Amino acid sequence: MNKLILSLIILIITYFLIFTNRRIRTTAAFFGAILTIALGLIQFEQAITYIDFNKLTIIIGMMIFTIITKESGIFQYLAIKATKYSKGNPLVLLISLSLLAGFLSSILDEIILLLFLANITLAITNILEISSVPFLISEIIFANIGGMATYIGTPANIMIGSSAKLNFYDFIYHMAPISLILIIISAFYLKNYFKEIFKKNNIPKEIISHFDKIDEKKAITNLPLFKNSLLILTITIIVSFFSHLINLNLGIIYLLGAIILLFVSHDNPDKIYTQVDWKIIFFLIGLNILAGTLEENGLIKIVSSKLLSFSGGNLNFLGFSILGLSTFMSSFFDNIPIIALAIPILKNISYHLGPNLNMLWWALVLGANIGANGTLIGTASNLIVADIADKNKQPIPFWYFVKVAFPLVILNLIVASIYIYWRYLV
């Protein structure tokens, strides 16, 4: 019991540091993990077994893909196309850029994608002489909802998919329909929310008149790289879709695709490696070990037993409880550490109720991604966009984001609950 109490104390301190000081969250998670090993709360050999290398290799592979692909100029090309398509209508531009964020986040690394897209958006809105804040908020929302559709769409999806032994096809089949529904709902919501703002903030006509003179093809600065990136990414996604049939690990597929792209299109791999966000890799390793420590010392079993006892083993109750709790917890805390704790609990519940309880995993996926839009601290990509906006003197006020996004979270939660009920419980 002493080990259990000490493990819990370290977890509470670590999570307190993670949630209150995001600048040291990686250090806090990794230090907490190392401390549990040093104090003998978990053996080093055991700790290593809890590190999910499949998840880590997928994330690293996705980051390498995104870093290399952006060098071709494809993101600038797509942003210019969206701007020209809008014909000076800021609402059309907002929805176009947001849909672009949603689509790209389903096939590329969300964090690096939003980092780059946010900078492009700031440049566009500066030229058009309009506020970037509505655009950045909308892109955050669409990236989280669009990323929900695929295994690789968000870090939360990768964590859950890898732990629950789900495959690429599972995510498309189960999550793509609800992702599309929520994107449509979000588009109408944001269009109505921002229409009054844009009535007072129109794009000057002299700027609109120059749209046709812009040649978006010039944005593609490296055509061979663009073609190689598109070809290898397409092949990788297709192979991923059939990974469960060919019995090939998704981590291997994405890392292999990324390394092949690196070989054929880049003569300076060190430049790419330095751009990989290694902080999130070490953050996830730390969380894996912390969760493993709690499992080794019995806390996960205790929490799971209490949940089973409270619910009476009722699947409907458990499903909606997981959906609601993960949504609200992910809104007010970083969703990655929340998911890191939820996964072993859900595994333990599945052990008692039977392995064929994928509905609970889908409820967790929905809650984690919908909830990520509740506040700016919902997930790492939200904070990255907020930091970029702040540095460019276009700050996104915390409570303004909540005012815009949280009602949409509630609306999406209601729709997701209906989806869970009709698809899995009727």
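Here each label is just a point 7 Å from Cα along the line to Cβ, and for residue 21 and residue 84 those points are 5.0 nm apart. Of the GluC sites (Glu not before Pro) found in the stretch 66-134, the ones in coil according to DSSP and having at most 12 other Cβ atoms within 10 Å of their Cβ are 129. Take the chain, connect every pair of alpha-carbon atoms lying under 10 Å apart with a spring to form a Gaussian network, then pick out the residue of 274, 125, 49 with the largest mean-square fluctuation. In this elastic network of the chain, the residue with the biggest mean-square fluctuation among 274, 125, 49 is 274. The value of relative contact order for the stretch 2-425, using C-alpha pairs under 8 Å at least six residues apart, is 24 percent. Each of 92, 409, 385, 365 was scored by other Cβ atoms within 10 Å of its Cβ. Listed from fewest to most, they are 92, 409, 385, 365. Ordering 422, 238, 297 by the projection of their Cα atoms onto the charge dipole of the chain, which places +1 on the Cβ of Lys and Arg and -1 on the Cβ of Asp and Glu, puts 422 at the extreme positive end.
With 0.36 nm allotted per residue and the present C-alpha distance subtracted, the residue 282-residue 332 stretch has 15.7 nm of extension available. Separation of the alpha carbons by more than 20 angstrom is noted, of 81/227; 84/217; 70/218; 55/306; 84/227, for 55/306; 84/227.
To the nearest 0.05, what FRET efficiency results for residue 423 and residue 351 with a Förster distance of 22 Å applied to their C-beta separation? That gives a FRET efficiency of 0.35. Modelled spin labels at residue 181 and residue 414, positioned 7 Å past Cα toward Cβ, are 1.4 nm from each other. For the options 267, 387, 52, a Gaussian network treatment of the chain with springs between C-alpha atoms closer than 10 Å singles out 267 as fluctuating the most. Calculated [222 nm] ellipticity per residue, helices only, for the chain: -25000 deg cm²/dmol; basis is -39500 (n - 2.57) per DSSP H run with n ≥ 4, divided by all residues, nearest 500. Using the alpha-carbon atoms, what tilt in degrees (0 to 90, nearest 10) does helix 74-86 show relative to the longest principal axis of the chain? So the helix axis and the longest Cα principal axis differ by about 60 degrees. Between 283, 19, 263, the Gaussian network model of the chain with springs among Cα atoms under 10 angstrom shows the greatest mean-square fluctuation at 263.
Add +1 for every Lys or Arg and -1 for every Asp or Glu among the other residues with Cβ under 14 Å from the Cβ of residue 384, and state the total. Residues close to residue 384 contribute a combined charge of -2.
Centre-to-centre separation between the Cα atoms of the stretch 215-294 and those of the stretch 82-139: 23 Å. When its C-alpha radius of gyration is set against 2.2 N^0.38 Å (N residues), the stretch 23-114 gives a value of 1.65.
In plain terms, the C-alpha convex hull of the stretch 257-369 casts an average shadow of 9.2 nm² when viewed from every direction.
Relative to the longest principal axis of the C-alpha atoms of the chain, give the angle of the C-alpha long axis of helix 25-38, reported between 0 and 90° and rounded to the nearest 10°. Roughly 20 degrees between the two axes.
All of the numbers you see were taken from the coordinates with simple rules; none came from a lab. Computed from a predicted model, the values in this text were never measured in an experiment. Ideal geometry is used to build each Cβ from the backbone, glycine not excepted, and the neighbour counts take in all protein chains shown.
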